[in-house]
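Colleague: To start, I am sharing the structure in question, which I have written as structure tokens.
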Amino acid sequence: MRIIYTLVAIFLSTISRGADDVAKAFAEDRPNVIFFLTDDQRNDFLGVTGHPLVKTPHIDSLAAQGVLFENAFVTTSICAASRASLLTGLYERPHRYTFKRPPLAKVHTEASYPALLKKGGYRTGFIGKFGVGVRKGARDSMFDVFIPLGRNPYFHKQADGSRRHETEVAADKAIGFLREAKQAAVPFCLSVSFNASHAEDSDKKNHFPYPKAVAGLYQGVKMPPPRIADPAVYEAHPKFLKKSINRQRFFWRWDTEEKYQHNMRNYLRMISGIDGAIGRVIGELKQLGMADNTVVIYMADNGYYAASRGFAGKWSHYEESQRVPLIIFDPRLAEGKRGRRESKIVLNVDIAPTIVAMADGRVPDGYQGRDLGPLVNAEEKGKGRTDFFCEHRMNHSTIPKWEGVRGERFKYARYYEQEPSFEFLHDLKADPMELK
């Protein structure tokens with residue numbers, strides 16, 4: 001209990017600084033920030049990370065000019081908890097938010113990166129899928145502009161009666177925000193959170209609705225098989241995982257070759273649609289003359305099995321579930337430091353401290369993540385993070401709870417509500433596919 005009180009005291013100390021004090025702490029050269037977040041995308045579903053078919057030229061270009069983090073992970077592989085971690089720089093256990101939980105406590109939203117930047121004089125905006133419950137008034141303390149966009153349905157009716165895909169609407173709104181930011185003449189932090197590439201779970205036929213602009217992509221192209229396609233891999237799992245939601249949803253989308261080919265083409269179209277939207281936003285940024293001082297971050301909220309191991313979603317401890325893409329492009333970076341691939345372990349809890357440090361020069365004491373600025377700038381000395389704690393604590397009858405540690409060589413996971421507890425230990429060097 002003493003630890004809990006100490007943590008609360010740290011957060012209260014962090015947020016007790018007045019707006020004037022915070023503003024004074026910011027450096028004179030404060031970069032703008034755009035944080036693009038996707039849903040249900042593991043690290044290898046980009047052209048730059050090795051996917052043989054998906055077309056993502058704009059995202060690939062960000063990596064070519066910035067830093068691609070090859071070992072980026074989420075600490076909890078589900079959108080609700082992960083998005084709360086992205087906002088607060090905290091693991092699930094301290095921020096306590098996931099589905100079927102009370103909203104984030106005020107002490108956490110007040111210490112979130114948008115709240116701190118807004119207090120420091122930034123114009124802050126959010127567009128898209130928020131996915132986090134917060135207390136009354138919290139959004140006003142975090143964002144000057146808040147535009148929620150849902151995915152049910154993905155196509156939104158426009159004023160002229162036409163229907164436009166959520167991904168394209170998000171880009172439209174982001175461009176509008178940038179134009180207003182240009183007029184406001186103050187630094188900005190814009191979070192653009194796409195619903196894509198999440199499936200539309202309520203539509204059992206058209207699982208992955210894609211923007212019309214990418215309809216011609218992948219037509220007639222045979223999709224490669226799942227990452228781990230051998231049925232024996234699924235059969236070797238314990239009974240509680242074989243009956244989990246990951247297997248249930250496998251039969252929605254991936255259990256026949258016809259469904260797999262159809263849904264995988266559409267899934268890739270959704271990712272290419274995101275890429276096109278990002279290209280539009282960055283193009284507008286350049287047109288407005290603000291690109292030279294705007295840091296762009298690209299990440300996903302969790303991974304995705306996409307039929308690998310005979311599974312459908314995320315939620316469990318394997319790499320497909322935990323590992324996500326992360327790219328940071330800082331236009332101020334020296335030419336010789338661009339286009340690098342960074343192999344050190346980085347996490348979703350690192351995003352909030354990284355964004356705050358870009359503007360404030362400091363990381364709030366209460367954050368559990370780390371500022372990635374030294375890695376981006378190739379200034380960090382030493383080995384860096386060698387392992388991290390991970391967990392999934394949502395109350396759901398078909399999502400087994402677990403906790404574990406993922407290190408550079410070994411991964412340990414304990415499904416602690418089984419009788420008896422069921423443990424995994426994977427040697428990632430000898431068995432990188434985690435088959436034993």
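Colleague: What does the C-alpha gyration tensor say about the overall shape of the range 106-192? Classify as rounded when a/c is under 1.5, otherwise prolate if a/b is larger than b/c, or oblate.
Modeller: Taking the square roots of the gyration eigenvalues as a ≥ b ≥ c, the range 106-192 is oblate.
Colleague: Would you pull out the residues with amide H under 5 Å of Arg123's amide H, same chain only if 5 or more places away, H placed 1.01 Å from N?
Modeller: Hits under the 5 Å cutoff: Phe188, Cys189.
Colleague: With a probe of 1.4 Å, find how much accessible area the chain has per residue, and write the answer as a whole number in Å².
Modeller: Using a 1.4 Å probe on heavy atoms only, each residue of the chain averages 41 Å².
Colleague: Among the lysines in the range 136-235, how many pairs, 8 or more places apart or on different chains, have alpha carbons under 26 Å apart?
Modeller: Final tally of qualifying lysine pairs is 11.
Colleague: Still on this structure, please answer the following. At 1.4 Å probe size, with the rest of the protein present, what percent of the exposed accessible area of the range 255-329 is carbon and sulfur atoms?
Modeller: Details: 800 of 1690 Å².
On the range 255-329, the fraction of accessible area on carbon and sulfur atoms equals 47 percent.
Colleague: Not counting ligands, DNA or RNA, and with a 1.4 Å probe, what is Tyr318's accessible surface area in Å² rounded to the nearest 10?
Modeller: Approximately 10 Å² of Tyr318 is accessible to the 1.4 Å probe.
Colleague: With a ≥ b ≥ c the root eigenvalues of the C-alpha gyration tensor of the range 351-436, is it rounded (a/c under 1.5), prolate (a/b larger than b/c) or oblate?
Modeller: Cα axes put the range 351-436 in the oblate bin.
Colleague: Pop out the carbon and sulfur fraction of the accessible area of the range 45-94 as a percent, whole number, probe 1.4 Å.
Modeller: Numbers: 670 of 1210 Å².
Answer for the range 45-94 is 56 percent, counting heavy atoms of protein chains only.
Colleague: Going down the table (Lys286/Lys314; Lys106/Lys239; Lys119/Lys337; Lys239/Lys411; Lys55/Lys344), which pairs top 29 Å between alpha carbons?
Modeller: The answer is Lys286/Lys314; Lys106/Lys239; Lys119/Lys337.
Colleague: Step through the residues of the range 225-236 one at a time and calculate ³J(HN,Hα) from phi using the Karplus curve (6.51 cos²θ - 1.76 cosθ + 1.60, θ = phi - 60°), rounding each to whole Hz and writing x for Gly and Pro.
Modeller: Here the 3J(HN,Hα) series is x, x, 3, 10, 9, 5, x, 5, 5, 4, 4, 6 Hz.
Colleague: For n ≥ 4 DSSP H runs only, could you compute -39500 (n - 2.57) per run for the chain, divide by its residues and tell me the 222 nm figure to the nearest 500? Write out the running numbers ahead of the final one.
Modeller: On the way: 16 runs with 146 residues, N = 436.
Result for the chain: -9500 deg cm²/dmol, rounded to the nearest 500.
Colleague: DSSP beta bridges in the chain, what fraction antiparallel, as a percent rounded to 5?
Modeller: 50 percent
The values are calculated or read from the model by the stated rules, or taken from the named source; none is laboratory data. Keep in mind it's a predicted model, so treat the numbers as computed, not measured. These area figures cover heavy atoms from the full protein model, side chains too; ligands, DNA and RNA do not enter into them. Shrake-Rupley method; radii C 1.70, N 1.55, O 1.52, S 1.80 Å.
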